[in-house]
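Worksheet: the structure to be examined is printed underneath.
The values are calculated or read from the model by the stated rules, or taken from the named source; none is laboratory data. Since the model is a prediction, treat every value here as computed from it, not as a measurement. Please note: Cβ atoms are built from the backbone with ideal geometry, for glycine as well, and neighbour counts cover all protein chains shown.
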Amino acid sequence: MRTTGINHLALVCKDMAETVHFYRDILGMPLQKTIALPDGGQHFFFDCGGGASVAFFWWPEVPARAPGIASVDKFPQRPKTAVGSMNHVAFSMDPDQLDESVGRLQAAGVEVFPMVVNHDDSPIGISAELNEGVFVRSVYFTDPNGIMLEFAANTRAYRLEDVSHEPAGPAVQV
């Protein structure tokens, strides 16, 4: 069995009009397909690049958001989510577009984590400065539904030595 990539990621929104404005008008992702569901809901698809889509369901009545369970509560203070939940969505971006994108998000009133995060091979996993161990630079923010998003710009290809940890055992449920 071999997949060729991610076709789409399907999420749930609280307000489709607000979600369309954010993803199409602020993030610049073209709206490429809309579906009216037989139960009164909607299912809309946005082109997020590379042949993939991010899609949203909307229904008139759904359970409320569950921060800290089904989504991140507050990044970076409380980043954990429950087993089977979605922690965040990372969109690939060219490294030379990262700083400009932060400015565009801020100009649109989007709260952005106050710094570009350099993910590196150090013991704490991040660096304030760009160094040879940095493999991706990221910017974190949330959409109107409370979904944590990331613009991720790879700075180098992954290497064989990047896989150096054994998988951990079963998680303890709290």
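In the condition set (1) at pLDDT 90 or above; (2) within 18 Å of Met148 (Cβ to Cβ); (3) aromatic (Phe, Trp, Tyr), Phe75 is compliant with all but (1).
Note on region 105-125: residues that are under 25 Å from Leu9 (Cβ atoms) and either among the β-branched types (Val, Ile, Thr) or surrounded by 14 or more Cβ atoms within 10 Å (Cβ to Cβ) (or both) total 7. Of all the listed residues (Thr142, Thr155), the sole one being among the β-branched types (Val, Ile, Thr), out of contact with any Ser or Thr (no Cβ under 9 Å at 6 or more places or on another chain), modelled with pLDDT of 90 or more and surrounded by 14 or more Cβ atoms within 10 Å (Cβ to Cβ) is Thr155. Each residue in region 92-129 was checked for being under 19 Å from Tyr158 (Cα atoms), among the hydroxyl-bearing types (Ser, Thr, Tyr) and not in a loop (DSSP other than H, G, I, E, B), and 2 pass. Given the criteria among the charged types (D, E, K, R) and outside the structural domain of Lys14 (by TED's automatic domain parsing), does Asp73 qualify? Yes; evaluated as a whole, the condition is true for this residue. When Gly68, Gly51 are screened for being at positive phi, among the small types (Gly, Ala, Ser) and outside the structural domain of Asn145 (by TED's automatic domain parsing), only Gly51 passes. Scanning region 68-91 for residues that are outside any loop (DSSP other than H, G, I, E, B) and among the hydroxyl-bearing types (Ser, Thr, Tyr) turns up just one, Ser71.
Each row is one residue, and each column tells you yes or no for (1) exposed (fewer than 14 other Cβ atoms within 10 Å of the Cβ); (2) under 19 Å from Phe141 (Cα atoms); (3) not charged (D, E, K, R).
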position: Met1; (1), (2), (3): yes, no, yes
position: Ile6; (1), (2), (3): yes, no, yes
position: Lys33; (1), (2), (3): yes, no, no
position: Phe44; (1), (2), (3): no, no, yes
position: Gly50; (1), (2), (3): yes, no, yes
position: Ala55; (1), (2), (3): no, yes, yes
position: Trp59; (1), (2), (3): no, no, yes
position: Ala64; (1), (2), (3): yes, no, yes
position: Val72; (1), (2), (3): no, yes, yes
